[in-house]
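The values are calculated or read from the model by the stated rules, or taken from the named source; none is laboratory data. Computed from a prediction, not measured in an experiment: that's the story for all the values here. Cβ coordinates were reconstructed from backbone atoms using ideal geometry, including for glycine residues, and neighbour counts include every protein chain displayed.
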Amino acid sequence: MHFDTLKFAEEEVAALKKENRFLKPRVLESAQEPVSVIDGKKVVNLTSNNYLAMANNPKVKKAAIEAIEKYGVGSAAVRTIIGTMSLHEELEKKFAAFKHADASILFQSGFTSNVAVCQSLMSSENDLLISDELNHASIIDGARLAKAPRKIYRHKDMKHLAEILETPEAKKARRKMVVTDGVFSMDGDIAQLDEVVAVAHKYGAFVMVDDAHASGVIGKEGRGTVSHFGLDGKVEIQIGTLSKAFAAVGGYAATTRELRDYLGSVARPYLFSSSQPPSVAASCLAVLDILLTDPRHLKNLWDNTAFLKEELRKAGFDTGASVTPITPIMTPKAAEFSGRLFEEGVFALALGFPTVPRGKERLRTIVTAGHTIKDLEFSIEKFKKAGKELGII
Ligand SMILES: *Cc1c(COP(=O)(O)O)cnc(C)c1O
């Protein structure tokens, strides 16, 4: 197929290739497992967000299959038409309880959850959205769709946040929302949520925390950063994703009953995009049940995290500010490093501009509860070998 009218696409692709920004993903040919088949090769997979190793769990798969048998493959409607199934309501109830909130509202993804909340609540030029500079792209896009002006504070800089809240613009705002990731996805560091909440509330702002990488990972029983900091009942909006530790796809906002009901009448992704397939909702409920009844998965995740971090540090790698299962290895040679490791049987993704700023290139590793010590020892040996070859350590 060829269109003269689309000639610009060739030029754009050529420009991306020249800047090393052209993306060609590797392809997973097996289930998402600690050891996966990727591009035809069996490798230790240190790249997925499958924190609790639930993506191919037999109990979770069974729940999905049973939901298909009972409810079919899809709702074929948006929530407000006839796409609200009993499983969606059950999920909203159980995930609200998981977050110690009064209610929750389900969206198709974490991305759309952020967009929905930012766009719906920051709906006037007289509102103000205040965001950490390292927040996720979906918060940035949500802010772009909001009518409110936005201010960006330096990463975790509470003095800067307070300065913004003290400006005349902030003082006269109708509503003020402070937004932060709970766990930052590129560095694996945690927001100082207790301080964010204290500063925000001092100035009459409310807080939205995006716990995509924290739900099912940190806090008591994996309840997230609010639980981690003992802030139950003190954070207005908690966003969770069902696409990472919960291993399927989806997202939700846990909040008050009134705010939930308001979003259910105005949030555009909720009103204009169809609801999650029942099998997806059922598998998320199954993961939640496992998480709440069997502490071994979370323990394995954190044991593996401690082991990998310690060994990487001992080997001399710079693992940045991480305190979570996301462990970056800071190196300008990230792309070559990732390529060498893959040849050796380990997959860890290289991240470069524009995902991270220039000069902050890194390899990012994420361990899961399913990796064995043998998988990790094998990986560390390969990290050392490739790291020495490339002069990283
Ligand atoms: C992954 C991620 C999202 C998007 O979640 P999806 O469910 O994959 O759409 C949102 N926020 C943060 C911080 C993330 O890391």
In region 11-49, the residues that are among the polar types (S, T, N, Q) and under 16 Å from Arg364 (Cα atoms): Asn45, Thr47, Ser48, Asn49
Set Val179, Val197, Val207, Val217: member being modelled with pLDDT of 95 or more, away from the ligand (no atom under 16 Å from the Cβ), among the β-branched types (Val, Ile, Thr) and touching a strand residue (DSSP E or B) at 6+ places or on another chain (Cβ under 9 Å): Val197
Restricting region 230-247 to residues that are without any contact (Cβ under 8 Å) to a residue 40 or more places away in the chain and not acidic (Asp, Glu), the residue that is farthest from Ala369 (Cα to Cα): Lys234
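Sort out which residues of region 248-261 are more than 11 Å from the ligand (Cβ to nearest atom) and in contact (Cβ under 8 Å) with a residue 12 or more places away in the chain, and write them in order of number. Walk me through it before giving the result.
To start, the set of residues in region 248-261 that are more than 11 Å from the ligand (Cβ to nearest atom) comprises 253-261.
Once the filter is applied, which keeps residues that are more than 11 Å from the ligand (Cβ to nearest atom) and in contact (Cβ under 8 Å) with a residue 12 or more places away in the chain, region 248-261 yields Ala253, Ala254, Thr255, Thr256, Arg257, Leu259, Arg260, Asp261.
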Near pairs, Cβ below 7 angstrom, 6+ apart or cross-chain, from region 116-135 (of a type in the set (Gly, Ala, Ser)) to any residue that is within 16 Å of the ligand (Cβ to nearest atom) and at pLDDT below 95: none
Selection from region 163-215 of residues that are acidic (Asp, Glu) and either under 25 Å from Ala247 (Cα atoms) or without any contact (Cβ under 8 Å) to a residue 12 or more places away in the chain (or both): Glu163, Asp181, Asp187, Asp189, Asp210, Asp211
Count of region 20-33 residues which are at negative phi and touching a residue at least 24 places away in the same chain (Cβ under 8 Å): 5
Checklist (1) within 16 Å of the ligand (Cβ to nearest atom); (2) over 21 Å from Thr255 (Cβ atoms); (3) surrounded by fewer than 23 Cβ atoms within 10 Å (Cβ to Cβ) applied to Asp141, failing item: (2)
Hits in region 5-20 - residues which are of a type in the set (A, V, I, L, M) and over 26 Å from Pro332 (Cβ atoms): Leu6, Ala9
Set Phe347, Phe383, Phe317, Phe342: member being in contact with a Gly (Cβ under 9 Å, 6 or more places away or on another chain) and either modelled with pLDDT of 95 or more or over 23 Å from Gly182 (Cα atoms) (or both): Phe317
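Within 16 Å of the ligand (Cβ to nearest atom), at pLDDT 95 or above and surrounded by fewer than 21 Cβ atoms within 10 Å (Cβ to Cβ) - does that describe any residue in region 115-133?
Here is the first cut: in region 115-133, the residues within 16 Å of the ligand (Cβ to nearest atom) are 115-119, 129, 131-133.
Within this subset, residues satisfying the condition of being at pLDDT 95 or above are 115-119, 129, 131-133.
In the following step, the residues that additionally are surrounded by fewer than 21 Cβ atoms within 10 Å (Cβ to Cβ) were identified as 133.
Yes, the conditions are met somewhere in region 115-133.
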Failed criterion for Gly264 (all others in (1) more than 16 Å from Glu89 (Cβ to Cβ); (2) touching a residue at least 60 places away in the same chain (Cβ under 8 Å); (3) in a helix (DSSP H, G or I); (4) more than 15 Å from the ligand (Cβ to nearest atom) hold): (1)
Some residue of region 147-169 being within 16 Å of the ligand (Cβ to nearest atom), more than 22 Å from Leu121 (Cα to Cα) and among the acidic types (Asp, Glu): no
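Any residue at all in region 245-253 that is over 26 Å from Pro58 (Cβ atoms) and modelled with pLDDT of 95 or more?
yes
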